[in-house]
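Each remark here refers to the structure printed beneath this line.
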Amino acid sequence: MEIYVDTEFIDTGVIIHPISIALVREDGKEYYGINQNQSVLLMAARDPWLRENVLSSMPLAQPIDPFHPVWDESHPDFINVKNRTRIAIDVNNFIQDTLAPSLWAWYSSYDMVVLAQLFGKFMHIPHGVPMRMNDVAQEAERLRVYVPSMPGLDKHNALSDAREVKYRREWLKNYEEGRS
């Protein structure tokens, strides 16, 4: 079964820090985890692009203070704020509960790194979790077709973006079936 993945992260050029991860299965089951780590949150809040594009859709008090971001416990997504260990366990369980999991993302390289690093080194990925991720953008390139965005998308929100990966993958499958 296909699992569509998206992550939001801080890339320092040396280290990648996960902000959030979302997984959406083709049967509609979803998982969304937001990293509660205060130092990661502070780094993200101090980056103008991340503050405006990623953190703005997360359960944070608005406007986001770049020097003291505060969680908004009344936000519906606050239940998804967890420590990194809990997120790794949840992600592993989500994937392990999927028969023959196949991971898919849109420009998947960093998403695979973020997913792998939840477990430590690449070699620590649990048995049963795929060690590679398929790329929907690469499939579109192979088919030489433009894939439209999902209507009403909340860009740079991992859950919304994982839903869009699902939408785009299904669009491509329909397109390819229509060509044969």
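Each value in this text was obtained by applying a stated rule to the coordinates, not by laboratory testing. Fair warning: this is a prediction, and the values are worked out from it, not measured in the lab. Don't worry about glycine lacking a Cβ; one is built from the backbone with ideal geometry, like all the others, and counts go over all protein chains shown.
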If we take region 1-99, then helices (runs of 4 or more DSSP H) inside it with 2 or more residues that are within 28 Å of Arg132 (Cα to Cα), hydrophobic (A, V, I, L, M, F, W, C) and touching a residue at least 24 places away in the same chain (Cβ under 8 Å) are 38-46, 84-96
From the option list Glu176, Glu164, single residue qualifying as charged (D, E, K, R), touching an Asp or Glu at 6+ places or on another chain (Cβ under 9 Å) and surrounded by 18 or more Cβ atoms within 10 Å (Cβ to Cβ) is Glu164
Taking only region 44-76 into account, find how many residues are surrounded by fewer than 16 Cβ atoms within 10 Å (Cβ to Cβ) and either hydrophobic (A, V, I, L, M, F, W, C) or in contact with a Ser or Thr (Cβ under 7 Å, 6 or more places away or on another chain) (or both).
4
Could you tell me whether region 136-159 includes any residue that is among the aromatic types (Phe, Trp, Tyr) and touching a Pro at 6+ places or on another chain (Cβ under 9 Å)?
no
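For Leu172, are the conditions met, namely being in contact with a helix residue (DSSP H, G or I) (Cβ under 7 Å, 6 or more places away or on another chain) and in a helix (DSSP H, G or I)?
yes
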